[in-house]
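Just below is one structure, and these are the notes that go with it.
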Ligand SMILES: [Zn+2]
Ligand SMILES: [Zn+2]
């Protein structure tokens, strides 16, 4: 059985036909999914998905790319959102310097507040980083993120960055990107990361793995991520499934089977 540790089931592409999404999960042996919060407004819909399905949980957080002109999330709001049995993680949070122009002080401050919420609740962090690895690690260190741990989701950074995150008590999660022919360096990282610190995800509805690249992604496709990693490491897909499932429940301690 596989677990999709990061998807967005509230996004319209995946919300449109929930039954088909669940059916493909069953067909492909994907037993559980963690659906990830990205905005304050949509959090109730994310939580509703987790509440409606025994095999799903959710996170609480505001994505670093979410620009708000009206209301920035506060620590107290995050703590209130996280105070629910189906919320097992804080995020997705982090830094993304790819899409938005500087100054991004608001983004760094938002990241700090999420780390504080994770430490206070004991619920681990789901961290997104793009073109911002050095600052991401710096803020994680400054805010004591190692105390609560978490996952570097949809990992696309170097082995060196992976090792720095591992040293801070974080897991590394690989998405469909690791199946892309151009991702040779990332494939090497997927060979090196210790099996007991690895997670798998789809980040659906985006980034469908080969052989579905360019199509709509969904949690059932996490099986293809696992198959690719197994081939890269020369181990069985069952071994990847068993390790990443155990890692998921080890990390997200509030998730009950
Ligand atoms: Zn992300
Ligand atoms: Zn995401």
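Here are a few things to note about the model shown:
- Odd one out for residue 25 among (1) more than 16 Å from ligand 2 (Cβ to nearest atom); (2) over 17 Å from residue 208 (Cα atoms): (2)
- Helices (runs of 4 or more DSSP H) enclosed by the stretch 1-110 - at least 3 residues per element that are modelled with pLDDT of 95 or more and within 16 Å of the chain's Cα centre (by Cα): 43-52
- Residue in the stretch 72-95 that is exposed (fewer than 15 other Cβ atoms within 10 Å of the Cβ), over 13 Å from residue 9 (Cβ atoms) and within 16 Å of ligand 1 (Cβ to nearest atom) present: no
- Some residue of the stretch 1-13 being within 22 Å of residue 135 (Cα to Cα) and within 16 Å of ligand 2 (Cβ to nearest atom): no
- Single residue of the stretch 47-65 satisfying the filter (within 22 Å of residue 119 (Cβ to Cβ) and out of contact with any helix residue (DSSP H, G or I) (no Cβ under 6 Å at 6 or more places or on another chain)) that is nearest to ligand 1 (Cβ to nearest atom): 63
- Qualifying positions in the stretch 108-139 - out of contact with any strand residue (DSSP E or B) (no Cβ under 6 Å at 6 or more places or on another chain), under 22 Å from residue 201 (Cα atoms) and surrounded by 17 or more Cβ atoms within 10 Å (Cβ to Cβ): 115, 133, 137
The values are calculated or read from the model by the stated rules, or taken from the named source; none is laboratory data. Note that this is a predicted model, so its numbers are computed, not measured. Cβ sites come from the backbone with ideal geometry, for glycine too, and all protein chains shown count toward neighbours.
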